[in-house]
Protein chains: 2
Amino acid sequence: MSEPEKSENIPDESAGKGKEIPNGGNPAKTKEDFDLAAVYVSDAQYNRNIYFDTSPQAVRLYLLYNHWLSKVLLYFFILLDLSLAIFEEPAVFSLPIWATMLVELLCLLAFTIRLVHYAKVIPRDKFWKDPKNICIIVTLMLTLVDMIIYGALKATNCYGVRWSRVLRPLLLINVTEGRQLRRAFRSIRNALPQIFYVFLLFMFSVLIFSLMALKLLGKRGLKTIDGAPYFTNYLEIVFDLYVLVTTANSPDVMMPAYNASFVFAIFFIVYILINTYIFMSVFLAVVYNNYKKYLKEEVRQLVRAKRHKMARAFAVLQEQREEGGELVVTQANWNQVVRLVRPDISNAHRELLWSVSDDKNQGSIGKVAFVQLADLLNIEVITLKSRPHPLHSLCPAFYLSAPSRLLCRIVQHRAFVIVYDLIILVNAVFIGLDEENPMIANSEWVFLALYLLEILLKLYVFEPRAFFSRHSFWNWFDTIIVISALIATIVNSAMKSSGGYTSRQILDIVFILRVLRLIRVVDSIQRFRAIINTLIRIGPMILTFGQLIIVVYYVFAMLGMELFKGKVKFFEDPNDPAKAYCGNPLLKDTAFAQLNYCKNNFNNVVSSFILLLELTVVNQWHVLSSGFATVTHISARIFFVLFHILVVIVIINIFVAFVLEAFFVEYSVDKSDLQTSLERKIEELELAVEQEKMEDNLVNAMETIDNDLGTGQSPTANKPSLMFKIASKRYRTVDALLQRMFEADLDPEDFAENDDQNGNFANPTFSSV
Amino acid sequence: MSEPEKSENIPDESAGKGKEIPNGGNPAKTKEDFDLAAVYVSDAQYNRNIYFDTSPQAVRLYLLYNHWLSKVLLYFFILLDLSLAIFEEPAVFSLPIWATMLVELLCLLAFTIRLVHYAKVIPRDKFWKDPKNICIIVTLMLTLVDMIIYGALKATNCYGVRWSRVLRPLLLINVTEGRQLRRAFRSIRNALPQIFYVFLLFMFSVLIFSLMALKLLGKRGLKTIDGAPYFTNYLEIVFDLYVLVTTANSPDVMMPAYNASFVFAIFFIVYILINTYIFMSVFLAVVYNNYKKYLKEEVRQLVRAKRHKMARAFAVLQEQREEGGELVVTQANWNQVVRLVRPDISNAHRELLWSVSDDKNQGSIGKVAFVQLADLLNIEVITLKSRPHPLHSLCPAFYLSAPSRLLCRIVQHRAFVIVYDLIILVNAVFIGLDEENPMIANSEWVFLALYLLEILLKLYVFEPRAFFSRHSFWNWFDTIIVISALIATIVNSAMKSSGGYTSRQILDIVFILRVLRLIRVVDSIQRFRAIINTLIRIGPMILTFGQLIIVVYYVFAMLGMELFKGKVKFFEDPNDPAKAYCGNPLLKDTAFAQLNYCKNNFNNVVSSFILLLELTVVNQWHVLSSGFATVTHISARIFFVLFHILVVIVIINIFVAFVLEAFFVEYSVDKSDLQTSLERKIEELELAVEQEKMEDNLVNAMETIDNDLGTGQSPTANKPSLMFKIASKRYRTVDALLQRMFEADLDPEDFAENDDQNGNFANPTFSSV
């Protein structure tokens, strides 16, 4: 699953042979040519590395394959397949076996269709050389076999294990769209050898300290707080000291020795210093270092592949203006392709992109300028249409009257924002107070009215379509929250006044909405906005880690359910005597039962996930693992230690490494060259929105702009009706962010060399690096 | 205390006026000139930035000031002053007030003498402009005032507080030698503004989540495990959720809500995700980013100051060979200065350094080459003397006989190391077994004999002085451990056989020594050695953080002792009924007493330090802080939260940032240019030790070399008797390591510009950066 992307290669020269254009003539481009070029550009833009067939039929199939609907369907079926765990034994909501089996068969069918579709798109030999496809096929076969065996066993009332369930996440990793996830797994695999040696040394240190603890403390007849002998069993000591590294049993593990003499505290201090602080920092350093090293190489390969694909698109579209002249792409052809690739962008925006590419206004561009197109398309340009306010058009006399203009000025004033921030703060205090008090309860209506008034005032001042434009996150947020709160509050009051009955659920929703409203304050403070924007920007990458975590959790949850299901039970009834020991007499008087951890069990997939999350947070994981070891066997601890090593030492460190790296890029890197040239062009064309109005504020920017553009009396009324703004630090794709992270290290001339040795482009494999 | 080093400036031109040399003549250099130049070079080498007077008398005083003995005395008195806390009430070992007061007066006197000495060395106006000196003077005055007040109060049996004790660590920071510590404090101060905004946002998030928790969970009548109402008090919720960020009360704080419905788990999952994982990573990122940014600037300033000092030394020594020719320093003068600066280095080593500086063999060097000297002296060159084995000289017939040569070959064989590694492993198993068994007890003698034999064999084969050379860490380690273990075991057996009495202390020592012996295995494995060498290399910097931690701990310990002394008591007698509630009825049935944390108190300075360490490790810190809040007031939690913010969020993150950065340097940076040129020179002169013999092994290298050089029949016997090897990655000073970390970013031509505008060199202050 974490094999290098062997066959996610880009098509080589031979595949394009049929399209070879004689050097002299310039035959008219067919629709197929444009389709092919558009596919290449689109693949380059989204960094898709699929080695598709270039026959017109295959290209059409490929377009279908990449269609958003087919992708959504695929992810729907993956999700469905994964969520079957909720309904299978041990189930949250139990369904008969035939029902889950039927759904699973449906999923398998969908995956098979998708795979067959993929096989039709790419050449046969490439298909069979791709370990991803083999992996999917094997997974599907094994799942089918398992289903048959399990069905047969169940039919004869035998005990069966649905072992193929652990294979399900493999589908998520191995579908063509799982590239980010595969990359994350590759970074883990690449870091493993280095981590392994540090881990060995770390374990050696733990073992040596344990031996010393055994010799120093084992013979002193000390007792733990439970009265058990203290530090007398070597394996127990190793486990205790391993837990101490995670700090979960500090200072308890030290207390018996410390109570005997404070000299023994020195032993634990040295241990914590070496193993918790130094070794854990070294783990982070090693993971971070490897992560950076390999990611850089991967991104380099990605960029080269992207340029190669663009060169390929260029080869399809190229023509020669004069004999022996440079090969170029004309504006008409370029337009045609861009229209195919991005039907959503406006003509003006397209013209802007063209004028950046065709800097000298020659009507055609060479290869180097053409190759930039993929990156240009990835720069998010906000198109601002200057539209007058509807009221301005409907009754200008009223809208332009002195009171109306004063109102507009008030709403646009900084004080207006401050007043509303103060209202929010007062609201926060009121929320904190007891809502049983009728005065407080009624104040909610006042606040709701105030918030509604704010939205209406803004709608009066700003052009509504601009106010609700795609980038106005906070406007959407506000409106949705306030309207929902209004509806929920009305429903709640209606129910209360009619029957005196208050629905707990609706009240909960009302409370949550009220508190969420307070978040708005953050947006008013420049410094906070900057931090939040950074977090939003690295959001997509965090989602990749989310997928990674889900894959690992899923596998451990399936294993855990088979190993520990039903061993620990939670009783809803507080009077049930079995509740005190989680329904398992073995747990009597253990810390697990005393701390009332009965609901932390593997009895269904939701409980398992929550339990695994608790294990990820680390605290008390020794109590949890000891609990499960008590009800099964001491070796059950291996399951928990393995989980700790994999998730906490490896994955969380990779997560931290990524956040660190992303933050450094945010702090240090400025705009890319291409963005600068695009911005320069926008400014040249006098289409720019004043910079000082934009500040660093992405999400709220539109308000300020619309402010000028929407009100009739704005001094900028004589400006062009269409304006552009680069969403400077936003990335359309995760790859674009990654590329930015290492842009400084990429050779801008790399493309040329790569271009010369057409088709010779290496697989993005890292065995040779 | 964390002010920029305002007056740690280097002397400016005016200070050197008395020494100005007429351009034409070359007067013979006086002893004072050499002394002055040597002081400049030495200051440059160790990055001392003291603005000393250049009169011969002041230089002599300055040499005395920098003498190792006066520094040791200073640190002895600082240590004495700090350790007075052990003997003052609340004391570990109680001493009468007059005794501690007398010692403190002695310390104050010593500091005053040191300060007066410093005042004599530097110009008066510079002395009074330096905030460090003012800080020390104020500290001394306040301490004296406090002592008088306290003495008077005690004499009249009134209650008095020794509040000046919190000021004691200021001395450690503000002495001239505390540069590393001041730098660490400066990095903290520089990072604070950035951290502050993230912290505000983080607290805002905690407050919002708390409000939501109050509204969602407060009215449901849930109970904690103690039966207390769950999430009903807003401030309690804020504290609980703050603790959850540190993971210390996970999953306990979630369990009541989770037991009620698994939907509430979502609230906690989102909370942990945002506040524990994302915000804590952002804290690390912000701290790391600031750390890197400012450190780079500081190092740049340091390097400029160093070059300036070297230019100053050059100005003292310079002479003109011919009229209008370049100003140079002759080899004789150079030798004289180097001899003064580093009397310990051999003539051969000095000649090697000269030949690196005087690359063209002109007998004199210009300014640029001279300035390198400070860095050259910081490169650790291992001088290897090829000496025959004493036995070889005494009875060559025997030593060169066939059996003797066979023995030498066996001992030098790789298998010899492997055999002894296996012996160590077997030994480990024996140590783990029960030592009451007489067979096991006697086996210890066998192992001791084997280890002793190993050392003797090695001494037979290798030249003893080389075997015990300064860099042979593991040889020293082995020998000391084995000899100590032998002595301790003999003493133990003698005591046992004479009176049947076994001293627990001696047995402990024997056990510790036995276990420590096992560490040797690490040295045999190349990968482990590499990791350990990295750790050893960043060791000195870790010590700076150790000082930092001690300063912060000391202040908090002093505060804590005044606030909480005697509130929680530990009873040695297990039958004392007060033991169950730590002697304070308020603690009855609290988690603090139940977990038997009575010894975690502020009743003396040692307990306080251990308690603060437990708080640094974070786990259970809420139990500890709640315990102390119970016995005093709820606001006592502020003390613990402040400690957590300062130590865990700021200092530990800076520590991690440093370890990360140091590791990246180790992984990525190769040798410096100067080291390379020194190595090239060593190779040119054919004085190099074969590289492949050295590998990456610093500490063990000597063994392998002596191996060849020591034994008579070595094929390298015709080599020169003196050989050099650069300890490539070892740094004499912390500054040298820092310089390496940012070397790539330093402009090598910076020196020239700096030199032109003599005396105009800016203070290393960062207000303008």
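The values are calculated or read from the model by the stated rules, or taken from the named source; none is laboratory data. The shown structure was predicted, so the numbers you read here are calculated from the model rather than taken from an experiment. Note that each Cβ is placed from the backbone with ideal geometry, even for glycine, and that neighbours are counted across all protein chains shown.
Here is a yes/no grid of residues against (1) in contact (Cβ under 8 Å) with a residue 60 or more places away in the chain; (2) more than 20 Å from A:N174 (Cβ to Cβ); (3) not in a helix (DSSP H, G or I); (4) not hydrophobic (A, V, I, L, M, F, W, C):
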residue	(1), (2), (3), (4)
A:A37	yes, yes, no, no
A:Y40	yes, yes, no, yes
A:N49	yes, no, yes, yes
A:A58	yes, yes, no, no
A:L73	no, no, no, no
A:F77	no, no, no, no
Report task. Give the residues of the stretch A:211-228 that are closer than 24 Å to A:F640 by Cα and more than 9 Å from chain B (Cβ to nearest Cβ), sorted by residue number. Result -> A:A213, A:T224, A:D226, A:A228
Query raised in the report: Going by the conditions given, is A:L201 out of contact with any strand residue (DSSP E or B) (no Cβ under 8 Å at 6 or more places or on another chain), surrounded by 17 or more Cβ atoms within 10 Å (Cβ to Cβ), facing chain B (nearest Cβ under 9 Å) and not small (G, A, S)?
Result: yes
Report summary line: Restricting the stretch A:238-255 to residues that are touching a Leu at 6+ places or on another chain (Cβ under 7 Å) and facing chain B (nearest Cβ under 8 Å), the one farthest from A:Q194 (Cα to Cα) turns out to be A:D252
Query raised in the report: In this structure, does B:L167 turn out to be out of contact with any helix residue (DSSP H, G or I) (no Cβ under 7 Å at 6 or more places or on another chain) and closer than 23 Å to B:I86 by Cβ?
Result: no
Report summary line: Restricting attention to the stretch B:640-649, the residues that are buried (at least 20 other Cβ atoms within 10 Å of the Cβ) and out of contact with any Phe, Trp or Tyr (no Cβ under 7 Å at 6 or more places or on another chain) number exactly 1
Query raised in the report: Counting residues that are among the aromatic types (F, W, Y), which helices (runs of 4 or more DSSP H) fully inside the stretch B:244-356 reach at least 2?
Result: B:263-271, B:280-317
Report summary line: Filtering the stretch B:98-118 for residues that are surrounded by 14 or more Cβ atoms within 10 Å (Cβ to Cβ) and either in contact with a Lys or Arg (Cβ under 6 Å, 6 or more places away or on another chain) or within 18 Å of B:F52 (Cβ to Cβ) (or both) leaves a count of 5
**Report entry** Some residue of the stretch B:214-233 being among the small types (G, A, S), buried (at least 21 other Cβ atoms within 10 Å of the Cβ) and touching a residue at least 12 places away in the same chain (Cβ under 8 Å)
**Finding:** no
Requested in this report: Name every residue in the stretch A:256-274 that is surrounded by 19 or more Cβ atoms within 10 Å (Cβ to Cβ) and more than 7 Å from chain B (Cβ to nearest Cβ), in order of residue number.
Outcome: A:P256, A:A257, A:F264, A:F268, A:Y271
Requested in this report: Please tell me if A:R470 is in a loop (DSSP other than H, G, I, E, B), more than 14 Å from chain B (Cβ to nearest Cβ) and surrounded by fewer than 17 Cβ atoms within 10 Å (Cβ to Cβ).
Outcome: yes
Query raised in the report: Does A:L507 fit the bill of being out of contact with any Cys (no Cβ under 6 Å at 6 or more places or on another chain), touching a residue at least 40 places away in the same chain (Cβ under 8 Å) and part of a helix (DSSP H, G or I)?
Result: no
Report summary line: Within the stretch B:412-441, residues being assigned to a helix (DSSP H, G or I), under 23 Å from B:L516 (Cβ atoms) and not small (G, A, S) number 16
**Report entry** Filtered residues of the stretch A:483-526 (kept if within 12 Å of chain B (Cβ to nearest Cβ) and surrounded by fewer than 16 Cβ atoms within 10 Å (Cβ to Cβ))
**Finding:** A:T502, A:R504, A:Q505, A:Q526
**Report entry** Cβ pairs under 7 Å, 6+ apart, first in the stretch A:290-304 and touching a residue at least 60 places away in the same chain (Cβ under 8 Å) and closer than 14 Å to A:N190 by Cβ, second of a type in the set (V, I, T) and in a helix (DSSP H, G or I)
**Finding:** A:Y291/A:I654
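Every residue, every condition in (1) hydroxyl-bearing (S, T, Y); (2) modelled with pLDDT of 90 or more, yes or no:
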residue: B:T590; (1), (2): yes, no
residue: B:F602; (1), (2): no, yes
residue: B:L611; (1), (2): no, yes
residue: B:V617; (1), (2): no, yes
residue: B:H622; (1), (2): no, yes
residue: B:T630; (1), (2): yes, yes
residue: B:S635; (1), (2): yes, yes
residue: B:I645; (1), (2): no, yes
Query raised in the report: Can you name the residue in the stretch B:62-98 that is closer than 17 Å to B:G151 by Cα and of a type in the set (F, W, Y) and, of all such residues, is modelled with the lowest pLDDT?
Result: B:W98
Report task. Please find, among A:L64, A:L144, A:L105, A:L115, the residue that is under 14 Å from A:N174 (Cβ atoms), outside the structural domain of A:A557 (by TED's automatic domain parsing) and not aromatic (F, W, Y). Result -> A:L115
Report task. For residues that are within 29 Å of the chain's Cα centre (by Cα), among the β-branched types (V, I, T) and crowded, with 18+ Cβ neighbours inside 10 Å, tally how many sit in the stretch B:334-381. Result -> 5
Query raised in the report: Do you know which residues across the stretch B:426-451 are away from chain A (no Cβ under 11 Å) and among the aliphatic types (A, V, I, L, M)?
Result: B:V426, B:M439, B:I440, B:A441, B:V446, B:L448, B:A449, B:L450
Query raised in the report: Which members of the stretch A:576-606 meet the condition of being within 14 Å of chain B (Cβ to nearest Cβ), within 21 Å of B:T224 (Cβ to Cβ), assigned to a helix (DSSP H, G or I) and not charged (D, E, K, R)?
Result: A:A580, A:A591, A:F592, A:A593, A:Q594
Query raised in the report: Mind checking which residues of the stretch B:527-572 are in a helix (DSSP H, G or I), of a type in the set (K, R) and more than 12 Å from chain A (Cβ to nearest Cβ)?
Result: B:R537
Report summary line: Within the stretch A:396-411, residues assigned to a helix (DSSP H, G or I) and of a type in the set (A, V, I, L, M) come out as A:A397, A:A402, A:L406, A:L407, A:I410, A:V411
